[in-house]
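The values are calculated or read from the model by the stated rules, or taken from the named source; none is laboratory data. Please read these numbers as outputs of a predicted model, since none were measured by experiment. Cβ: placed from backbone, ideal geometry, glycine included. Neighbour counts: every protein chain shown. When the accessible area is computed, the model is the full protein with side chains, heavy atoms only, and any ligands, DNA or RNA have been set aside. Shrake-Rupley method; radii C 1.70, N 1.55, O 1.52, S 1.80 Å.
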Amino acid sequence: YFSARQIKQEEAESRRRQEEEDRLAVIRMLHMEEKGEERKRRRRRQEEIQVQEIAAAARSRWTYQQEQKQELELSPYFECNFLLQQQQREEMKQLQQRRLSE
């Protein structure tokens, strides 16, 4: 049999334990939320970095293509090819005119 004082002490101790467990549970929950937020921040940052890398790659690819195009246009081959195409167009026009006049 327990005395009234012992029962009150047990109840008080039980309440203290419960409050401590609740406090620890709240701390754990806040910590988990913090970790979740940190994960989200890291993921967002990683996505930003990937977008920047993709944009940089696209810019450098475009720049490379422009440089290649410029090099080609300045090369003697391009000029020769251009003159050849021009000559072929002239020949086609003459051929078409001859066909029309026949």
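Here is how the numbers come out for the structure above:
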item: Heavy-atom accessible surface of the chain: percent carbon and sulfur, 1.4 Å; result: 53
item: Vicinal HN-Hα couplings computed from phi for region 8-25 (Karplus, 6.51 cos²θ - 1.76 cosθ + 1.60; Hz; Gly/Pro x); result: 4, 4, 4, 4, 4, 4, 4, 4, 4, 4, 5, 4, 5, 4, 4, 4, 5, 5
item: Accessible surface, 1.4 Å probe, highest first, among residues 101, 14; result: 101, 14
item: Charge dipole (region 1-49, unit charges on Cβ, about Cα centre) - positive-most of 9, 25, 49; result: 49
item: Neighbourhood net charge (14 Å Cβ-Cβ; Lys/Arg +1, Asp/Glu -1) for residue 54; result: -1
item: Spread of Cα-to-Cα distances over 10 Å intervals beginning at zero, given as percent, for the chain; result: 11, 13, 12, 11, 10, 9, 8, 7, 6, 5, 4, 3, 1, 0
item: Unit charges on C-beta of K, R, D, E only; dipole of the chain, Debye; result: 280
item: Heavy-atom accessible area per residue - the chain, 1.4 Å, Å²; result: 100
item: Contour minus Cα-Cα distance for residue 52 and residue 69 (0.36 nm per residue); result: 3.6 nm
